[in-house]
Every structure is written in C-alpha cells, then in structure tokens.
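These notes concern the structure reproduced below.
Since every read-out is calculated from the coordinates, none of them should be taken as a lab result. Everything quoted here is computed from the prediction, not taken from an experiment. No Cβ is skipped: glycine too gets one built from the backbone with ideal geometry, and neighbour counts run over all protein chains shown.
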Amino acid sequence: MSEMTEARVREQVRAWLEQNWDPSLSLIEWRNKLADSGWGCPAWPKAWLGRGLPAGMVPAVDEEFRQMGAVGVAKVGIRTLAAATLLEHGTDAHKQEFLRGIVTGEDTWCQLFSEPGSGSDLAGATTRADFDGEKWIINGQKVWTTSAHKADYGLLLARTAWDVPKHKGLTYFVLHMKQPGVEVRQLRQMNHYASFNEVFFTDAVIEPQYQVGGLGGGWAVAMTTLMHERRGADALRSWAMATRGEGRIYEEEAQEVATMMAPYKWYPQRAGRVDLVIERAQATGKNKDPALRQEIAKLMIMSKSAQWTARRARAAQALDRPQGPEGSLGKLASSNVARAAAKVHTLITGADAMLSGDDAPMDGLISEILLSVPATSIAGGTDEIQRNIIAERVLKMPKEHRIDTDRPFNEVPKNTVA
C-alpha cells in the first residue's frame, strides 16, 4: 500500500469534491454524502464516518474544501466534544446512533457537568443516578449549561455510588433532553445575554444502553471531554462563519450558523477582542501615549505567545499524542490575555468604557468586553484548577493536601444536601 502523503490526500479530496460538490443540495443531503465518504471527518476511523487519516492531514483537507467553496460538517457547539468522547469511550451502538447526527448537524448537544453546590469541584457532583433494576432514574440540578434550551442530548456526569471516594462514584451518560422530568431555565447574564441555563432533573430516565464507560468510571470519561474542551480554548478568540456562495446549501448553512451561534455571540468579547486594540488606539490617538504603548506591546506579546501555545496543542494532536496538560496551559493563557486586553481597552477608552447603548464607544462593544472577560477565567475549569493541573502534571510539584479524595463521599462535608 502506497504511503498517504499530503499531496496524495489533496489529490483525492479534490477529485471527490469535483465529482460530488453540488450547492443546490440541501445542507443535510450534502452532509450525509460527506459522512458516507469520510471526507467530512477524515481523522475519524474508517468504520465511523472517517478515513483514518492522521490528524495532521486535516488542515490540508479543510483547505481543499475552502478552495472549492464547499460546506463542511457541523462543528458548532458541544457536538464536537460529544463526538470526541463517544469515539474514545462509546460503544459501537453509541457511535452508530449518534455520530451521523453530529456530523449532519441534525442533533444538538449540551454538557451537563457543573452544579451549584460544587463550583469547580467537578468530582463533587451530587446529581444522582439510581438504578431501579431496569433503568437509571436521575434527580438533581446542573447549571451554566450552554444551549441546554435547544439541546436534543446531554453529556451527563452523575453520582451512582456514595460510599466510595468521590472520583470513583461517578458515571457518565447520554441523556435525552426532550423528556418529562427535564426542566431547563435560561439564565440572564450581566452582559444581557442568556446563553446559559440551569437544568433540573426530577425522575428523568436513562436506559442502561446510554451509559458511557464503566459503572463508576465517569471521571475518566469526563476528563476526555474536558481535555478536548481545553485544548480548543484558543477557539474562543475565533468565530464560526458560514461559507460564502450562492445556492440553497449556503443559505441553509448561514441560517444554521446564525441560530447555533446565537448563544455564543458574546464569546469573542469574553476573549478580550485583542484584534480591536491597535485600531482603537489609532482611532483615539492613544497610540502616541508611551505608557499605553508599553501595555499594548505587552498584550500583543502575550497574545502571540498564547497562539503559539495553541499551535503546540494542535501539533501534538497532529502527531496523535494523547490529550495532555497543554490544554490547561492554553486555557490559562487565554484567561491572562483576556484580562490584559480588558485593561488595555479601559486605558484606551477611559471612563466611557462603562457606557452601553448607541452613544457608547463602538455601540457599547467596549463595555460588553469588560463585562464578559471574567467568564474566560471560569468556563471550562477555573484558572485555579488549571494552575493545579500545570503544577502537578507539568512541573511535577507535590499535590495539594486534600481531605476529601480518599474518604467515602457520603462522609465528606458538602455545600448541599446529598
């Protein structure tokens, strides 16, 4: 068998696109063709809608799609984390049932991890899953769940054992969101958006076949989800864009992006909008202030370093290395960049940075940045969590003293009633 070089991959995908790309197709029809061909997710296994290519070949495939003007598979939202998790830990039945709907964009997902009583301590989850002999019965609450109000499925981490240490009593499930016993309430944020939700479970049901991984093995599965999320932390600085072109498929993709990206509309602002800094400094004349120029230079250096860190993460992925702590490095870097950017925007704009509305700087965008940036240090694991991971796994420092990791969970003091 001949070696699969980048040139050969480009030749094959280009030939397939020339023969099959048709902008008059519906978005779903086209994505089903992509799923069948494997070119939509070329690094996935051949058995599961992919072509088994190294991850390092994916950028070349994407570039050929862009040159053709062809639409790709659905990639917005938690669905990409769901796919990565199910590919690594799911059964063949899970992959058969869920992967195609993820690729086509027909199914929407959410991540049911965070809880109001445990903060950043994911292992302290108290949403319970009790087996009644035939099915799992779910009771409890999750919070900060993006897009739960639109989701068809949720990635749920729930407690199935209370008399073992907390990390060993968790199990991972796929939960059908559109069922009795699942109540979703949107939360209004201080930046006026309502991306997040709190989700309440009252005797919701999960059939046994929707358990992912072994009983009590939910922590390891959740770490796969989180490491993929952190490895993609630099994506917070980007924005999903519809493919440009004329035809039915372009119109449908544009509508999908507008709908699916609505909860994420403020995400570029929470990343600090470094891209606006130099333009703003020039427009206001503040680029002539030597002290401010130093702050801008520091920010640009930090931002570029963060981009390089993100490239290291992608390079590791391209070499098929397992998910590692570089995701935490990138996540922490993105928080530092966002805070530095908020400071610089404030120095440029002055007191007017607090204004919102049509008469505010950039129609209130600057104040939106200042209100949104703190979220970067919380979402996907707080800065403190990332520092612990880096200290223990990268710097090989001793772990902090804990009193709750070896004791049975039902003996550990909690902020909520179990």
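Looking at the range 236-292, the trypsin sites (Lys or Arg not before Pro) that sit in a DSSP loop and have at most 16 other Cβ atoms within 10 Å of their own Cβ are 244, 265.
Comparing 269, 96, 19 in a Gaussian network model of the chain, where Cα atoms under 10 Å apart are tied by springs, the biggest mean-square fluctuation is seen for 19.
Computed from the alpha carbon positions, the gyration tensor of the range 267-418 leads to an equivalent ellipsoid with semi-axes of 36, 21, 13 Å, biggest first. A simple spin-label model places the labels of residue 307 and residue 22 4.0 nm from each other, with each point 7 Å out along Cα-to-Cβ.
Exposure proxy shown here: for 227, 241, the number of other Cβ atoms within 10 Å sets the order, fewest to most, as 241, 227. Dividing the summed -39500 (n - 2.57) terms of all DSSP H runs of n ≥ 4 by the residue count of the chain sets its mean residue ellipticity at 222 nm at -12500 deg cm²/dmol. In this structure, the pairs whose alpha-carbon distance is over 24 Å, taken from 75/150; 150/304; 178/331, are 150/304; 178/331.
Of all the C-alpha pairs in the chain, what % are more than 41 Å from each other? Walk me through the numbers before you get to the answer.
Details: 16657 of 87153 pairs.
Beyond 41 Å sits 19 percent of the P(r) for the chain.
Placing dummy labels 7 Å off each Cα toward the beta-carbon, the span from residue 407 to residue 62 is 4.7 nm. Using 1/(1 + (r/R0)^6) with R0 = 35 angstrom and r between the beta carbons of residue 36 and residue 120, what's the FRET efficiency to the nearest 0.05? It comes out at approximately 0.25.
Order these by the 10 Å Cβ neighbour count, fewest first: 401, 149.
Least to most surrounded, the residues fall as 401, 149.
Fully extending the segment from residue 132 to residue 185, taken as 0.36 nm per residue of separation minus the present Cα-Cα distance, adds 16.3 nm.
Treating each Cα of the range 112-242 as an identical point scatterer and summing with the Debye formula, the log10 of I(q)/I(0) at q = 0.11, 0.17, 0.19, 0.21 Å⁻¹ comes to -0.40, -0.92, -1.13, -1.33.
Computed from backbone phi with θ = phi - 60° and the Karplus coefficients 6.51, -1.76 and 1.60, the 3J(HN,Hα) list for the range 187-201 is 10, 8, 8, 6, 8, 6, 8, 9, 7, 9, 9, 9, 10, 10, 10 Hz; x is used for glycine and proline.
Based on the Cβ-Cβ distance of residue 92 and residue 288, what FRET efficiency does E = 1/(1 + (r/R0)^6) give at R0 = 51 Å, to the nearest 0.05?
Efficiency for this residue pair is about 0.20.
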